[in-house]
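*Asks:* I have a structure here, written as structure tokens, and I will follow up with some questions on it.
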Amino acid sequence: MTGFEEAIAFAQSHEIPWPRDPAADPARWGVHHDDPPPFNRLRGPVRPRGGVSGVILVRGKEAAAWGEPDRADQTYSVAKTYLALLAGIAHSRGLLDPAERVSDRLPGIGFDSGHNRAITWEHLLTQTSEWQGECFGMPDQVEHYRRVGHDPHPPSGKKGDRRPLQAPGTYWEYNDVRINQLSLALLHLFRRPLPEVFLESVLAPIGGGRDFRWDGYDDAWVQIDGRRIQSVPGGTHWGGGVTIGTRDQARIGQLLLDGGAHAGRQVVSRDWVRRMHQPCATASFYGWLTWLNGDGRLGDASRASWFMFGAGGHTVWIDPENEAVVVARWLDGAHWAGFVRRVVQAFQEGKG
């Protein structure tokens, strides 16, 4: 095999063992089963998925594609990075400053307590906010002691047990309730549905948006300026979240690789994109809702690589050294490193 064919064949032979139809075997679909009751249930829609698919762009051109790259599927926590892009759009419009306390601009939406008042936008973007409270009935405690695949921290407690909170900005924890609180705060900034803003400000300018959806939970509605608007989650942990095609994911990855620019237009601030993949002070492996490889722990990917990861085997890999964007979907996480190794080998062969 030549080029990327070996990596593609490897990916196609290692599909995640989730059922393709969540209704066929609900107990094996998703990640909510690990939550303490009564929070181990879906609160938003889920849909049947396709098989393994992917796209590889090199120097902005499609070098490989497999599966159904135009099929729109739910993408779990890859959507977190989309919230970081929306925060960048808000920043360019003068709606937020990363160092600003959220409570100073948005009183009355859950940031007013003595503990939460110190939380800044940057704390939310780096998952170091230690926000405490309930977001649409989900307490932050549900995600205490959560472990995810690329988290280098050793386990220190049982998921859902109460953990002593630290000062905002001093402790990193992957916490989807806090991510949903960030999404709610962004909704109050824009005062418009975030799916509309994302489609209009990010996807449409880069030629994307086909079959794009961003669904909220059934009960996640707020009133803003007399309008009933659904707040959307930054993932599909409890259902809902972003439904998007693989090629659109690659378009977004290319936008980030190109410093937020597309076809001569600065869609997202170049400085904002640069800061998205700078390590945060508390967790050197994490940027602004992106994963970093500065310490080389993410397999054979270059140290300059940065990533969007989502449950269900979703990866968007941005590799500046090879001028490449790699998207893989529904790939069994146990074989992710093998896929990366084969892609890197193909990059090296292409330079030979």
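*Asks:* Enter the mean projected area of the convex hull around the alpha-carbon atoms of the stretch 1-124, in nm², rounded to one decimal.
*Replies:* 12.0
*Asks:* Just the number please: accessible area per residue for the chain, 1.4 Å probe, all protein chains included, in Å².
*Replies:* Here the per-residue accessible area is 39 Å².
*Asks:* Let me ask something additional. Between the DSSP loop rule and a limit of at most 13 other Cβ atoms within 10 Å, which trypsin sites (Lys or Arg not before Pro) in the stretch 159-198 are left?
*Replies:* Arg162, Arg191
*Asks:* Compare Gly260, Gly207, Gly51 in a GNM of the chain, Cα atoms joined below 10 Å, and give the one with the largest fluctuation.
*Replies:* Among Gly260, Gly207, Gly51, the largest GNM mean-square fluctuation belongs to Gly207.
*Asks:* How much accessible area does His115 have with a 1.4 Å probe, in Å² rounded to the nearest 10?
*Replies:* Answer for His115: close to 50 Å² accessible.
*Asks:* Nearest 20 debye, what's the magnitude of the dipole of the chain about its Cα centre given +1 on Lys and Arg Cβ and -1 on Asp and Glu Cβ?
*Replies:* 300
*Asks:* Using the basic label-point model (7 angstrom from Cα toward the beta carbon), what is the Asp97 to Ser156 distance in nanometres?
*Replies:* 3.2
*Asks:* Taking only Cα atoms and a 10 Å spring cutoff, compute GNM fluctuations for the chain and point out the largest among Pro152, Pro22, Pro38.
*Replies:* Of Pro152, Pro22, Pro38, the most mobile in the Gaussian network model is Pro38.
*Asks:* Over the Cα atoms of the chain, what radius of gyration and what Dmax do you get, in Å?
*Replies:* For the chain, the Cα radius of gyration and maximum Cα-Cα distance read 19.2, 62 Å.
*Asks:* Can you tell which of Glu68, Glu200, Glu173 shows the greatest fluctuation in a Gaussian network model of the chain with Cα springs below 10 Å?
*Replies:* In the Gaussian network model the winner is Glu200.
*Asks:* Determine, at each q value in 0.08, 0.09 (inverse angstroms), the log₁₀ of I(q)/I(0) that the Debye formula gives when each Cα of the stretch 137-293 is one equal point scatterer.
*Replies:* -0.28, -0.35
*Asks:* For the stretch 222-279, report the convex hull volume of the alpha-carbon atoms normalised per residue, in Å³, without decimals.
*Replies:* Spread over its residues, the Cα hull of the stretch 222-279 gives 166 Å³ apiece.
*Asks:* For the chain, give the percent of accessible area contributed by carbon and sulfur heavy atoms, probe 1.4 Å, rounded to a whole number.
*Replies:* Result for the chain: 47 percent of the exposed heavy-atom area is carbon or sulfur.
*Asks:* Among Asp215, Asp34, what's the order by accessible area (1.4 angstrom probe), most exposed first?
*Replies:* If we order Asp215, Asp34 from most to least accessible, we get Asp34, Asp215.
The values are calculated or read from the model by the stated rules, or taken from the named source; none is laboratory data. Small disclaimer: the values here were computed from a predicted structure and weren't measured. Note that we place each Cβ from the backbone using ideal geometry, even for glycine, and neighbour counts take in every protein chain shown. Surface areas here come from the heavy atoms of the whole protein model, side chains and all, with no ligands, DNA or RNA. Shrake-Rupley method; radii C 1.70, N 1.55, O 1.52, S 1.80 Å.
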